[in-house]
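Comments concern the structure below.
Please treat every number below as a calculation from the coordinates, not as lab data. These numbers come from a predicted model, not from an experiment. All Cβ positions, glycine included, derive from the backbone under ideal geometry; neighbour counts span all protein chains shown.
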Amino acid sequence: MFFRGLLNFQLHRFYDSMIDFSTAIELEEDSNPVYYLARGRAFACMGILTEAMKDISVAVNLDETIQ
């Protein structure tokens, strides 16, 4: 799901990419900060900034090296 989300993001299908990233987050046993960062970017591109900030905050809390 994650890589399909990346493809959808590249094609500017932000809603579809957000759905794919959400599914990847649900399926992953351990929290992956890259998935949250990607979904946050998709939210930001759709103008849903509150959700974008939540996901980006989760990503940074999981991995402080993310910038």
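Summary of computed values
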{"item": "Local net charge near residue 10, Cβ-Cβ under 14 Å (Lys/Arg +1, Asp/Glu -1)", "result": "+1"}
{"item": "Computed magnitude of the charge dipole of the chain (debye, nearest 20; Cβ of K, R +1, Cβ of D, E -1)", "result": "360"}
{"item": "Packing-based exposure ordering (other Cβ within 10 Å, fewest first) of 36, 15", "result": "15, 36"}
{"item": "Net charge of Cβ neighbours under 13 Å - reference residue 26; Lys, Arg +1; Asp, Glu -1", "result": "-3"}
{"item": "Furthest towards positive pole of dipole, 19, 58, 47, structure part the chain, Cβ charges", "result": "47"}
{"item": "Global geometry of region 1-47, whether rounded, prolate or oblate, following the gyration tensor of its Cα atoms and the 1.5 cut on a/c", "result": "prolate"}
